[in-house]
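Below: the structure, in C-alpha cells.
The values are calculated or read from the model by the stated rules, or taken from the named source; none is laboratory data. Here the structure is a predicted model, which means the values were calculated and not measured. In this analysis, Cβ positions are derived from the backbone assuming ideal geometry, glycine residues included, and neighbour counts consider all displayed protein chains. Please note that ligands, DNA and RNA were not included when accessible areas were found on the heavy atoms of the full protein model with its side chains. Shrake-Rupley method; radii C 1.70, N 1.55, O 1.52, S 1.80 Å.
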Amino acid sequence: MYAYVDETGNTGPNIFDPEQPVFMTAALITKTNFDLVHKKEVARIARIVGETELHANVIGIDRIEQVAGELLALFKRSDARFFVSRIEKRYLAATKFVDTLFDSFENKAVPWHVYNMRPMRLLLVFKVASILTEDTAKKFWESILEKREQRAYEIFIESLQELRENVIDLPDQRSRQLITEAIDWATQNPEAIYIHTNSKAARLGHLPNLAVFPNLLDGIEQRSKLWKRKVVEIVHDRQSQFQGTLRDWHELYKNAAPDVITWTMGEKYTLRRVEGSEFRVSSAHESAGIQAIDAVLWLFKRVIEEKPLGYRSARLMNHVFKRAYQNDLSFDAVGRWLEGFFADLYSRPFTEEHQKRAEEYGRLAEQRRQEEMLHYAQEKLSESI
C-alpha cells in the first residue's frame, strides 16, 4: 500500500500567527501506486477546469465543485482510505506547557496520578489554558525553542512566574494548590525540568508538523494491519520546510523496537510503525496522489472554518470522513472526549468501599510525593557540598 501526504497551515516556529491558528494534514492511502496507476486520470480531471494540474487553492471552490464528482468516482475505484488531522496551535502550546511543567518524573511536587492518568492530565491542560495568557504562552514557547541553555531556563522561569500570578483565578482550591506547588518546585529546581536541547531536530519536534507525524504514521500503520498489506512508500509534499527532519523521524519509527508498552488505565503503545517503508518527498507536479489529496485537504480546511461547500464537494467529503482515520488535537475535540469519559464515570455507582480505596490511594500518593521531594533535596545538597 501507498500513502500521499499534504499539509496546510505551516507557520514554522511562529505558532501564534492569528491568520493561521490551525495546522492540518491529510493523507490518501491506496493499495496500488496511485501516482503510477492514476496519473493520466488526474490530469484528465484537471483539464476539465482548464488546468494541467489540480491545485485547489488556484482552482477555487466553484471549479473544485465541477470536478468533485470525478474525484469521488476515482477514490471509489481505487478503494482509497484517508487520514485527516488538525492541530489547534493554542491547544498544542497549552499541552506542551503541561508536559514540560507537570511531568511527575521530573517535577517531584506533582502527584504521579495527576500527570500520568490521561483524564487527569487533560483536565490539567484545560485548567492551565484558562490562566495562560498569550504573552506567557509565547514566552514559554520561546524557551523550548531557544538554542542557548542558560537563556532557555531564564525565559522558562519568567513564564512560570507570570503563570503563577494568574493561579488565583482558578475556581477550585485544589487546582490552585497543585499548580502553585508545581511552579514553585520547578522555579527552585529548574535543572530538573527538561527544557533545553542542543539537537535542532528535537527542538523542531515541538512544532505542529512534527507533533502530528507519529499520529499520521499510526493511521497508516492501522490501515496496513487492516488490509494486511506492507507499506511500500509514503510520499510527502515538498512544500514542508521540515522535510529532512520528517525523513529522519520516519527512519526512527520504522526501525524502532516492536515491543508493546502498556501504560496506565490499559493504554498500549508500540513505537515501531510502517516497518520497511520508504519515505519520498515530491512536488505536486510529480505526484498525482499529492494533487488529489490537496483537493481533499483544501475542502477539509473549509469544513473546519465552517465555510460552505457545494453539493458534490459535500458528498466527496462525506465519503472521505467515513473512510478516514481522524486525529483532532483541539480544545473542542478533547473537551468532548472528557465530557464523555466523565459522563460514563459518574453513571457508575460509587460505594463506601470505593471511597476508602480512593482515600488510601490519595494518602499513598502524597506520601510518595513527599518522599520524592525529600530525596531530590538531599541529593542536590550532597552534590553541592
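When we screen 217, 226 for residues that are part of a helix (DSSP H, G or I) and without any contact (Cβ under 8 Å) to a residue 12 or more places away in the chain, the only hit is 226. The residues on offer are 58, 37, and the sole one that is among the hydrophobic types (A, V, I, L, M, F, W, C), open to solvent by 50 Å² or more (accessible area, probe 1.4 Å) and free of Cβ contacts under 8 Å to residues at least 12 places away in the same chain is 58.
Can you spot a residue in the stretch 92-110 that is of a type outside the set (S, T, N, Q), open to solvent by less than 40 Å² (accessible area, probe 1.4 Å) and in contact with an Asp or Glu (Cβ under 6 Å, 6 or more places away or on another chain)? The answer is yes, given that some residue of the stretch 92-110 is of a type outside the set (S, T, N, Q), open to solvent by less than 40 Å² (accessible area, probe 1.4 Å) and in contact with an Asp or Glu (Cβ under 6 Å, 6 or more places away or on another chain). In the set 95, 136, only one residue is assigned to a helix (DSSP H, G or I), hydroxyl-bearing (Ser, Thr, Tyr) and under 30 Å from residue 217 (Cβ atoms); that residue is 95. Here are some residues: 87, 45, 15. Which one is open to solvent by less than 40 Å² (accessible area, probe 1.4 Å), under 16 Å from the mean Cα position of the chain (by Cα) and farther than 19 Å from residue 303 by Cα? The conditions single out 15.
A single member of 142, 162 is surrounded by fewer than 19 Cβ atoms within 10 Å (Cβ to Cβ), part of a helix (DSSP H, G or I) and touching a residue at least 24 places away in the same chain (Cβ under 8 Å), and it is 162. The criterion of being open to solvent by 100 Å² or more (accessible area, probe 1.4 Å), touching a residue at least 24 places away in the same chain (Cβ under 8 Å) and within 30 Å of residue 207 (Cβ to Cβ) does not hold for residue 306. Select from the stretch 277-294 the residues that are of a type outside the set (Asp, Glu) and open to solvent by 40 Å² or more (accessible area, probe 1.4 Å) and list them in ascending order. Those that are of a type outside the set (Asp, Glu) and open to solvent by 40 Å² or more (accessible area, probe 1.4 Å): 280, 285. Screening 297, 316 for residues that are open to solvent by less than 20 Å² (accessible area, probe 1.4 Å), in a helix (DSSP H, G or I), among the hydrophobic types (A, V, I, L, M, F, W, C) and over 21 Å from residue 233 (Cβ atoms) leaves exactly one candidate, 316.
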